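Reading through the structure tokens given below for one structure.
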Amino acid sequence: MSGENEVREASQQFYSGLTKMLDGDLNVMDTIWSHDDTVTAMHPIDGRETGWNEVRNSFVQFAKASSSGTVEITDQVIQVQGDLAYEIGLETGQFTLAGKPITIKQRVTNIYRREGGQWKMVHHHADLSPSMIDALKALA
């Protein structure tokens, strides 16, 4: 399998994991992400998390406030260079967040690194989502 196809498969796992996370299941996220202290995330709800513990906690907190939905990537472009790869695309989906229906359509960049022969997510960055931010403010 080519590096690009391997990264495409890792991406599919990541987006499957995001969808499962919406219903509180973090197993795929635990598997697809690197557990390194250098991983980072810049989610559509603002802020930046550094290190696996912070990144995982951000997903745990989001999972507590969300339910019933799907997230996927479209218009995907993948570039592979050695043991690093990135993808850009359009992240789309619908789900419930803090009791409010949310529809997303935002630009996204994901970076993967080959670790032990497997592609692992090391960075996720999505455009800010005002509707997601507003929904979460209701919980504060």
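The values are calculated or read from the model by the stated rules, or taken from the named source; none is laboratory data. Just so it is clear, the model here is predicted, and its values are computed rather than measured.
Observations
- Of all residues in segment 120-138, those satisfying the criterion of being over 11 Å from Tyr86 (Cα atoms) and hydrophobic (A, V, I, L, M, F, W, C) are Ala126, Leu128, Met132, Ile133, Ala135, Leu136, Ala138.
- Candidate set: segment 1-25, residues that are part of a loop (DSSP other than H, G, I, E, B) and aliphatic (A, V, I, L, M); chosen: the one modelled with the highest pLDDT: Leu22
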